[in-house]
Amino acid sequence: MKSAYKSLYASLTTLVIVVSANAQIVEPVKWSFLAERTSIQEATVVFTATIDDGWYLYSQHLPEGGPVPTNFNVESSTSFQLVGKVVEPKPIEKFDPIFKMDLKYFKGKVSFVQKIRPFASDAFVVKGYLEFMCCNNVSCLPPTPVEFSINVPAFQSAVVQADDLQTIPAKPDSDSPIVDGAEQGGHEKVTEPEVIGNKASAPKRGVWYILVAGFLGGLLALITPCVFPMIPMTVSYFLRGSGNKSKGRRDAIQYGISIIVIYVALGLGVSLLFGADRLNQVATSPAFNIFFFILLVVFAAAFFGAFELTLPSKWTNAIDSKADRTGGFIGVFLMALTLVLVSFSCTGPIIGTLLVEAAVSGSWVSPLLGMTGFATALAIPFTLLAIFPSWLSSMPKSGGWLNSVKVLLAFLLLAFSLKFLSVADTVAQWGLLNRETFLAIWITIFIIMGMYLLGKIKFHHDSDLPYISVPRLFLAIISFAFAIYLIPGMWGAPLKAISSFAPPLTTQRFDLNKIISGSASPVISNTATIPTEYKTKEGVYGLIKFLDYEQGLQYARNQGKPVFLDFTGLGCVNCRKMESFVWSDPNVLQRLRDDYIIISLYVDDRTMLPDNEQYTSTIGGKERRIRTVGNKWSDFQAKNFGINSQPYYVLLDHNAKPLAKPYGFNSNIEDFVTFLDQGKAEYLKR
């Protein structure tokens, strides 16, 4: 493998001579590392990034389909275990018009903190590597791996300076979000109160969100056919069957508390069984999301009336009879458990969805709080109506409207199920559900829901609708209005209100903004049939891209065309700008399609190389382990072209010699057309 790369690099050595004078390897981010031992069973590792002016470093937490986030990979060890995840301070957050999503990043200086639990008081070493991506207003750098080996002192020591791979001493910076100005051995000491504050504040928004979402889910469950009729029946039973009102009220209060206890125990069981890390892994796995997608579709079909979905009757009958025989607090508790089981067919999808949202939040207390909110909303009516029984007469009577609520819930479940299919599709990169398809299904669902509310559609269990009530009219207006709101998204509108549900805009195949700005309609490349063993993909505007340099170069020889070598990245903002505003021009599209063979090398492709293809590269006296496909192409660009930023375009002949001066980020369309024309003219001369 090494000999193959040597021959490949040798064939391209002439390129280094002719690259532009300003081509260079830039290192806008320098890393330093610090370890602190606070007790026998607690230590802290701090990763500090010093970022050059004009550059920004991406956060660990970015939406799917965006740039590559910063990530930390720590090797497992018998000396310690990690406590939670790497904590970062509050980043700058800004909407990016290219990716059509909110992106988080840092400027200046930032410290990331990882808590560690040592197994003994002895010193040990923390090894691994981090990977980061950074950009400025002109270019983006590929995801860059930085290996670290950090010496954590024995408990008797205070603070030890870690092995700094970059050997760049960090200087105090008062602008740093969590670092003070004190220096120790050329490194900053993290001020502990600020670190704890950032760590504590990170999940706080998620906790309140899950609590409120749980409460709203409980209110929704109250008006389902499985729960609502039980409220007056149960309260009346307590008030009349107990012999006196005070005991009936006491039983009703115990009943409400029992509901809360049962659901909170469910949330606690989920948290203890999985833990925060495992919950998050499960919630983001394709298999789980496909399972939950199917489950919600099944529940939706049941709510539409296709079939009855209930738990085995012997479960509820056994518990109900036990409650009658037992009496007292145990009997009341068993009655509450009976309600939980009987109402499962209506509350199951709400509870399941709530637990999944809690899992994604990454906090082990989230399932517990979500169930607390849900159960509290569910228990309140039973308690209040027992204390104020006169309110029973003002409650709406059960009737056909309850089935309508169940059908509306079916529509919502069907729409929400697509979120889980989208997550599975994005993570697994199947390409099954692009943004247009998702929105088309949602638009259809909400139009049909509006028609149902107006009585234009009727299901098997629905009652006759002699007139449209005011609530149904308002809900129909909301449903139609939401469907109309979604329609512009079919042509590339960002639709920020549903950005957390819909697939990312990077899956959008057609964007009206490109047409308005003068771009051509999507085109299909007229490239001849390509052998199946070649690695290709259909890129923007239908252009065919080769994903392997050697295959693309060989194919260019076979077709008698020059090579358009495109160093790019899946998360490269400026690469998307060039594609959106330059490649989309009809004159550029025509030349790329007809005159060149495109080879796109993605420097942030995280596909792991086979073990026998991984190697160690040395550039500028620094060694770097090449583990992924993206690492390989980044190393290829740096060694052969003396530059490591993207976008970067090179025109080559069949001998891998340049045809024109390489082209970086420049959104001037005329300059880009001239660049392509010069390359073609030089190729024809040769």
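Quick note: the coordinates plus some simple rules give every number you see, no bench work behind them. Here the structure is a predicted model, which means the values were calculated and not measured. No Cβ is skipped: glycine too gets one built from the backbone with ideal geometry, and neighbour counts run over all protein chains shown.
Using the Karplus relation 6.51 cos²θ - 1.76 cosθ + 1.60 with θ = phi - 60°, the per-residue 3J(HN,Hα) values for region 28-33 come to x, 10, 10, 10, 9, 10 Hz, with x marking Gly and Pro.
Just rank 661, 685, 30, fewest to most, by other beta-carbon atoms within 10 angstrom. Before the final figure, lay out each step's value.
Details: 661 15, 685 7, 30 18.
The order, fewest Cβ neighbours first, is 685, 661, 30.
On the beta carbon distance between residue 654 and residue 510, with R0 = 35 Å, the FRET formula returns roughly 0.50.
The Cα atoms of region 527-662 define a convex hull whose projected area, averaged across directions, is 8.7 nm².
Couplings for region 209-224, taken from phi via the Karplus curve 6.51 cos²θ - 1.76 cosθ + 1.60 with θ = phi - 60°, read 4, 5, 5, 5, 4, x, 5, 5, x, x, 5, 5, 5, 4, 9, 8 Hz in order; Gly and Pro are left as x.
Only loop residues by DSSP count here, and only those with at most 15 other Cβ atoms within 10 Å; note down the trypsin sites (Lys or Arg not before Pro) in region 544-621 that meet that. Passing both the DSSP loop test and the Cβ count: 606. Count charges around residue 646 for me, please; just the other residues with Cβ under 13 Å from its Cβ, Lys/Arg as +1, Asp/Glu as -1. Summing Lys and Arg as +1 and Asp and Glu as -1 gives -2. Pairs from the list 537/639; 30/535; 109/657; 535/577; 115/639; 107/535 with a Cα-Cα gap above 32 Å: 30/535; 109/657; 115/639; 107/535.
Over the Cα atoms of region 340-483, what is the Rg over Rh ratio if Rh follows Kirkwood? Present the calculation step by step, with values, prior to reporting the outcome.
Working: Rg = 18.7 Å, Rh = 18.2 Å.
So for region 340-483, dividing Rg by the Kirkwood Rh gives 1.03.
Using the Karplus relation 6.51 cos²θ - 1.76 cosθ + 1.60 with θ = phi - 60°, the per-residue 3J(HN,Hα) values for region 660-676 come to 7, 5, x, 10, x, 6, 7, 8, 6, 5, 4, 4, 5, 4, 4, 4, 5 Hz, with x marking Gly and Pro.
For a test of understanding, tell me how many lysine pairs in region 399-508 have Cα atoms under 23 Å apart, given they are 8 or more places apart or on different chains. Lysine pairs satisfying the spacing and distance rule in region 399-508 number 4.
For region 367-436, which trypsin sites (Lys or Arg not before Pro) pass both filters: DSSP loop (anything but H, G, I, E, B) and at most 12 other C-beta atoms within 10 Å?
On the way: sites: 397, 406, 419, 435; in loops: 397.
In loop regions of region 367-436 (DSSP not H, G, I, E or B), the sparsely surrounded trypsin sites (Lys or Arg not before Pro) are 397.
Can you list, largest first and rounded to whole Å, the semi-axes you get for region 399-508 by taking the square root of 5 times each eigenvalue of its Cα gyration tensor? Rounded to whole Å, the semi-axes are 30, 15, 10.
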